[in-house]
1. Looking at Gly181, Gly130, which one is open to solvent by less than 60 Å² (accessible area, probe 1.4 Å) and either more than 21 Å from Phe52 (Cα to Cα) or of a type in the set (A, V, I, L, M) (or both)?
2. Inspect all residues belonging to segment 52-66 and state whether any of them is within 23 Å of Arg179 (Cα to Cα) and touching a Leu at 6+ places or on another chain (Cβ under 6 Å).
3. Go through the residues of segment 106-114 one by one and say whether even a single one is open to solvent by 30 Å² or more (accessible area, probe 1.4 Å), at negative phi and free of Cβ contacts under 8 Å to residues at least 12 places away in the same chain.
4. Starting from segment 120-142, take each residue that is in contact (Cβ under 8 Å) with a residue 12 or more places away in the chain and list its partners that are acidic (Asp, Glu), counting only C-beta distances under 6 angstrom and pairs at least six apart or across chains.
5. Under 8 Å by Cβ, and 6 or more places apart or on different chains, what pairs join a residue from segment 56-80 that is among the aromatic types (Phe, Trp, Tyr) with one that is assigned to a strand (DSSP E or B) and surrounded by fewer than 14 Cβ atoms within 10 Å (Cβ to Cβ)?
6. Here are some residues: Ala103, Ala121, Ala164. Which one is surrounded by fewer than 16 Cβ atoms within 10 Å (Cβ to Cβ), part of a helix (DSSP H, G or I) and among the hydrophobic types (A, V, I, L, M, F, W, C)?
7. Is it the case, given these coordinates, that Val96 is open to solvent by less than 50 Å² (accessible area, probe 1.4 Å), touching a Cys at 6+ places or on another chain (Cβ under 6 Å) and within 29 Å of Leu188 (Cβ to Cβ)?
Amino acid sequence: MQAVRDIEVPVVPASAEAVADYGLFIGTEVPQAGLGIPFYKGAVEEGHNFAFRCNGRAVIRSARIHRRPPEVTWLERHMNMTQLFIGLGDQPFAMVLGKPTHARGMDTPDIDNVRCFVVPAGHGIMIHEGTWHDFPLAVEGPVTVLTANSEEVVEALASMREPAEMAHGDVFKIDIRKRLGVQLRAVLF
């Protein structure tokens, strides 16, 4: 039996530059500013539409996240959807993300570029198609996260009777330890 390597995922403060290869950072600056809506000139800085994409109907939902152990068991990707996570309130959240690997013909993440991004309170990230990710993590206290998904993805995840690898409904979710022989840990506290 092969030994499991224990890997502590680097923890990085989220910023537009830091997350660029993983997704779009959403903070207090307006990405793609300059949309010409004339009604509130001088009082509103309008941004162009984000490149959110999904199959079928888009759904918006929220989740209340509590602290959990640092072990990361699952990473998943969506090939037909970007996905949006925005922290509500006064607590930061974190996301373990791996750069997309499908262009290299890989069906697993490249562990060398997996990072744990700490997203400040009231900020968010819209991940690129194919970005490997775990569900957000609470950094300090409980945090509510607003998510934009496809109905297809939510239904596929909710249809699972128990945690297991899956490859349906635009969800490809893998058990990192089983697939790659590594135990990822995101040590936040």
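1. Only one candidate qualifies: Gly181.
2. no
3. Yes, that holds for at least one residue.
4. The qualifying pairs are Ala121/Asp90.
5. That search, which allows pairs on different chains as well, returns Trp74/Asp175.
6. Only one candidate qualifies: Ala103.
7. Criteria met by Val96.
Conditions (1) touching a Ser or Thr at 6+ places or on another chain (Cβ under 9 Å); (2) touching a residue at least 60 places away in the same chain (Cβ under 8 Å), marked per residue:
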{"position": "Leu146", "(1), (2)": "yes, yes"}
{"position": "Val153", "(1), (2)": "no, yes"}
{"position": "Met160", "(1), (2)": "no, no"}
{"position": "Val182", "(1), (2)": "no, yes"}
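The values are calculated or read from the model by the stated rules, or taken from the named source; none is laboratory data. Quick caveat, the model's predicted, so the values are computed rather than measured. Glycine also receives a Cβ, built like all others from the backbone with ideal geometry; neighbour counts cover every protein chain displayed. We work out accessible area using only protein heavy atoms, side chains counted, and drop any ligands, DNA or RNA first. Shrake-Rupley method; radii C 1.70, N 1.55, O 1.52, S 1.80 Å.
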